[in-house]
Amino acid sequence: MGAAGTPSTSERRFPDGFYWGVATSSYQIEGAWDEDGKGPSIWDTYAHDPGNIKNDDSGDVANDHYHRYAEDVAMIKDVGANAYRFSIAWPRIFPDGVGKPNSKGLDFYERLVDAMLAAGIEPFATLYHWDLPQALQDRYDGWRSKETSKAFADYVGYVAHQLGDRVKHYFTINEFRSFVEGGYQVVDVKVGGKTIQLGGAPAMRLTDAELKQVRHHAVLGHGLAVEAIRASAPSGTKVGFAENIRVAVPIIDEPEHVKAAEAATRERNAGFMTVMLEGHYTDEYLAEAGGGSPTFTDDELKTIASPLDFVGINVYRPGWYVEASDDRPGYREIPINASHPHMLSSWHVLDAEVMYWAARQMQSIWDAKSIFITENGCATSDVVADDGRIHDTDRVMFMRAYLGQLQRATSEGVPVDGYFHWSAQDNFEWVDGYGNRFGLIYVDFETLERTPKLSAGWFREAARRNAVV
Ligand code: PNW
């Protein structure tokens, strides 16, 4: 507000009705890994195998959110969020992947959703955040088989039918790219004379050609799930995906470079985002040297590109910097400099402008009409200070910068309808265990006590003002 109580002209406001959300996923916070009839997931198996996760951490107990959900919903309300993106653990609902549903598993999500609604928080459910029922891994080799895509749709149809009176927004699958590339093509890297396996569950080592088929089954699972939601949820239910788009950032903001970056983003997301939004694979993708071509039918492509109500993108870092080129394919990649700043995670190259370009390209390449930022956040080296507070100034810097770029996009008419901060609270990280803290709320993993960080206060004020503060 300006001095006279009028909105100041420098206020960087978001559109009215903007959703201010926080996000989590089931395996990373729930714990209760074998309670109330839940079946094992591939992440239970993977984390129980010594050496796979730093310090041999696992999600067995995690944040014990399964039992503390009421406290957690109250804290989400306290940080000022009006939306919460949580994920549903498939093996809680179908312990065996398919067959008879486990009513106790569903009961948990009903309690959680009811608590959110009572607190005035809009539930956004993600239906797959990588915790595949182990039974489907054993039976079908997971997403190597189309049977898994079909089983996914059956599970989704059931959930949408059961929760449809209360949950109006669904994300089918979280980060296709991460679980496909990371899970089905693990790679060895040498670090200090030791060989480290990079990747995660189910830790398969497929060829490039085989990997393309897995990608195809993942996007097919998404399309079948969209159809299942249309068939089983009340009309008005909205659905989209949550993909970690890799974004080409133009090195100069001039039309020729901007166009080159769009071409690069479209091509480099060909196996996921592009086929889901365009209904065909690009010629370049199909012709990639040594990559083979997935087997698919025209009907499957139609399903994969089922119309969506919104698109969700997880935005953390620039994928590449790009400049225009006279040579094919019309763009050239610029390597990221060794001294380029990054956040605590070494992969987390810092450049807030990726937020602007990610949102803008969803509109300019694919004419998206409703966009959600389904994840954005960073790990920082948080400690409880002598005064009992957690001074995560770098997370505040990060949020102000990224949300500033998102506000820039909305002010130019890019239709962004909400933002979900990753994460609501510190949690289990897929490879780093409990060492990497992404939360607005600090969690002491000995006592499970939760404490809002400095950044939680920033978020609350931004949400209250619906503006960058
Ligand atoms: C996301 N990258 O994964 C996941 O959806 C979350 O489950 C996870 O906790 C979070 O990020 C933080 O790690 C990512 O390389 C994986 O740019 C890779 C990247 C970004 C996010």
### Message
Per residue of the stretch 251-257, what does 6.51 cos²θ - 1.76 cosθ + 1.60 with θ = phi - 60° give for ³J(HN,Hα)? Whole Hz please, x for Gly and Pro, Karplus curve as stated.
### Response
6, 10, 7, 9, x, 5, 6
### Query
In whole Hz, what ³J(HN,Hα) sequence does the stretch 272-285 give by Karplus (6.51, -1.76, 1.60; θ = phi - 60°), x for Gly and Pro?
10, 4, 5, 5, 5, 9, 10, x, 8, 7, 6, 4, 4, 4
## Note on the structure
Taking Rh as the Kirkwood radius computed over alpha-carbon pairs of the stretch 92-181 and applying Stokes-Einstein at 10 °C with viscosity 1.306 mPa s, one gets a diffusion coefficient in µm² s⁻¹ of 113
### Query
What accessible surface, in Å², does a 1.4 Å probe find on Leu277, ignoring ligands, DNA and RNA and rounding to the nearest 10?
60
### Summary
Across 5 Å bins beginning at 0, the whole-percent shares of Cα-Cα pair distances in the stretch 199-263 come to 3, 12, 12, 13, 14, 14, 15, 12, 4, 1
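Using a/c under 1.5 as the rounded threshold, could you call the chain rounded, prolate or oblate? The axes a ≥ b ≥ c are square roots of the C-alpha gyration tensor eigenvalues, and prolate needs a/b larger than b/c, oblate otherwise.
The shape class here is rounded.
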### Message
Nearest 500 deg cm²/dmol is fine: what mean residue ellipticity at 222 nm does the chain get from its DSSP H runs of n ≥ 4 alone, each adding -39,500 (n - 2.57), divided by its residue count?
### Response
-11500 deg cm²/dmol
### Query
What ranking of Thr295, Thr410 comes out by heavy-atom accessible area, probe 1.4 Å, highest first?
Thr295, Thr410
## Note on the structure
Listed by chain and number, the lysines with an alpha carbon less than 21 angstrom from that of Lys259, same-chain partners under 8 positions apart left out, are Lys369
### Message
Checking the a/c ratio against 1.5 first, then a/b against b/c, what shape does the Cα gyration tensor give for the stretch 354-414?
### Response
prolate
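Please give me the summed charge of the neighbours of His129: other residues whose Cβ is under 12 Å from its Cβ, Lys and Arg +1, Asp and Glu -1.
-3
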### Query
How much accessible surface area, in Å² rounded to 10, belongs to the heavy atoms of Asp299 with a 1.4 Å probe?
110
### Task
Provide the per-residue ³J(HN,Hα) series for the stretch 379-395, in order, calculated from phi with Karplus coefficients 6.51, -1.76, 1.60 and θ = phi - 60°, each as a whole number of Hz, with x at glycine and proline positions.
8, 9, 8, 6, 9, 7, 7, 4, 7, x, 9, 10, 8, 8, 4, 5, 5
### Query
Pairs Lys168/Lys302; Lys77/Lys238; Lys54/Lys77; Lys104/Lys150: which are spaced more than 28 Å apart, C-alpha to C-alpha?
Lys54/Lys77
### Message
What whole-number distance in Å separates the alpha-carbon centres of the stretch 362-439 and the stretch 145-202?
### Response
21
### Task
Could I get the Rg over Rh figure for the stretch 263-390? Both from C-alpha atoms, Rh via Kirkwood, rounded to two places.
1.06
## Note on the structure
For Lys194, Lys212, Lys38, Lys168, the accessible-area ranking with a 1.4 Å probe, largest leading, is Lys194, Lys168, Lys38, Lys212
### Task
Taking the Cβ of Glu71 as the centre, find all other residues whose Cβ is under 12 Å away and add up their charges (Lys, Arg: +1; Asp, Glu: -1).
-1
### Task
Determine the shape class of the stretch 127-232: with a ≥ b ≥ c the square roots of the Cα gyration tensor eigenvalues, call it rounded for a/c under 1.5, and otherwise prolate if a/b is greater than b/c, oblate otherwise.
prolate
### Query
Ordering Val113, Val431 by how much accessible area each has at a 1.4 Å probe, largest first, what is the list?
Val431, Val113
### Message
Quick check: net charge around Ser381, other residues with Cβ under 11 Å of its Cβ, Lys/Arg +1 and Asp/Glu -1?
### Response
-1
### Task
For Val322, list long-range residues whose amide hydrogen, built 1.01 Å from N in the peptide plane, is under 5 Å from its own amide hydrogen.
Val249, Ile251, Ile334
### Query
Leaving out ligands, DNA and RNA but keeping every protein chain, what accessible area does Val61 have, in Å² rounded to the nearest 10, with a 1.4 Å probe?
80
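The values are calculated or read from the model by the stated rules, or taken from the named source; none is laboratory data. What you are looking at is a predicted structure, and each value in this text was computed from that prediction instead of being measured. Quick reminder, even Gly has a Cβ in these numbers, built from the backbone with ideal geometry, and neighbours come from all protein chains shown. SASA here: full protein model, heavy atoms, side chains in, ligands and nucleic acids out. Shrake-Rupley method; radii C 1.70, N 1.55, O 1.52, S 1.80 Å.
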